[in-house]
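Okay, structure first, notes after.
The values are calculated or read from the model by the stated rules, or taken from the named source; none is laboratory data. Quick caveat: nothing in here was measured; it's all calculated off a predicted structure. Backbone-built Cβ (ideal geometry, glycine too); neighbour counts: all protein chains shown. We work out accessible area using only protein heavy atoms, side chains counted, and drop any ligands, DNA or RNA first. Shrake-Rupley method; radii C 1.70, N 1.55, O 1.52, S 1.80 Å.
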Amino acid sequence: MSDSNPQLWLHLTLLQLLEENRTDSLTGILNRRGFEEALIQLNATAQRYQRPLSLILIDMCGLKSLNQQQGHVAGDQALKTLVQNIQLNKRNADIIARVGGDEFALLLPETSAQQALRAIQRIQSDLQRKNIEISYGIAQTPSEDLYAEADQQLNK
């Protein structure tokens, strides 16, 4: 064994740990930490080049009662179904993250609030066919705090 192999193994292990630190273990998408990193980077780019960036916060309705009535396995499956549906309907440049137990964020670069609304309505329609209900809030740059603005819209 050469001297570089232990260093390579350590480096690869560190990279894997860093990725796991940014990823939700249930769904495989970014977690809150990964989302915040992406939001900072995309927001800075949007502000610098005066380009639109939209954020959609998505809340899955009824997860608590689903967990109580059918168990956490059913709740976990519903969360995975929601994520799979969003992934099928988003563009490659869009970023999805799980930012809370039943709350997700979708970052849409180069997207106006009106375009974001059409995107989430399409996702919502597909989810309704799978008996999954969501609520959402949308915010667009320029904004003092995209997350807080989308969260305020979500809670209306």
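Here are a few things to note about the model shown:
- Ranking by accessible area, most exposed first, for 25, 54 with a 1.4 Å probe: 25, 54
- Nonlocal amide H pairs with residue 111, under 5 Å, H built at 1.01 Å: 53, 54
- Residue ranking by accessible heavy-atom surface, 1.4 Å probe, largest first, among 80, 90, 156 comes out as 156, 80, 90.
- Carbon + sulfur, % of accessible area of the chain - ligands and nucleic acids excluded, 1.4 Å: 49 percent
- Heavy-atom accessible surface of the chain, averaged per residue, reaches 60 Å², computed with a 1.4 Å probe.
- Burial ranking of peptide ranges 27-33, 141-147 (average Cβ count within 10 Å, highest at the top): 27-33, 141-147
- Rounded to the nearest Hz, the phi-derived 3J(HN,Hα) couplings of the range 83-92 under the Karplus curve 6.51 cos²θ - 1.76 cosθ + 1.60 (θ = phi - 60°) are 5, 4, 5, 5, 4, 5, 9, 8, 7, 4, where x marks glycine and proline.
- Pairs from 64/130; 64/90; 130/156; 90/156 whose Cα-Cα separation, in the structure shown, is over 22 Å: 64/90; 130/156; 90/156
- In plain terms, if you count all Cα to Cα distances in the chain and split them into 5 Å steps from zero, the share in each step is 2, 9, 17, 19, 18, 13, 8, 6, 4, 3, 2, 0, 0 percent.
- Rounded to the nearest 20 debye, the dipole magnitude of the chain is 500 debye, with +1 charges on Lys and Arg beta carbons, -1 on Asp and Glu beta carbons, and the Cα centre as origin.
- The C-alpha atoms of the range 72-148 occupy a region whose extents along the principal axes are 40, 22, 21 Å, arranged from largest to smallest.
- Rounded to whole Hz, the Karplus (6.51, -1.76, 1.60) HN-Hα couplings of the range 150-156, x for glycine and proline: 5, 5, 5, 5, 5, 8, 7
- Karplus 3J(HN,Hα) series, Hz, for the range 33-40 with 6.51 cos²θ - 1.76 cosθ + 1.60 (x for Gly, Pro): 5, x, 4, 4, 5, 5, 4, 4
- Per-residue [θ]222 nm for the chain (sum of -39500 (n - 2.57) over DSSP H runs n ≥ 4, rounded to 500): -18000 deg cm²/dmol
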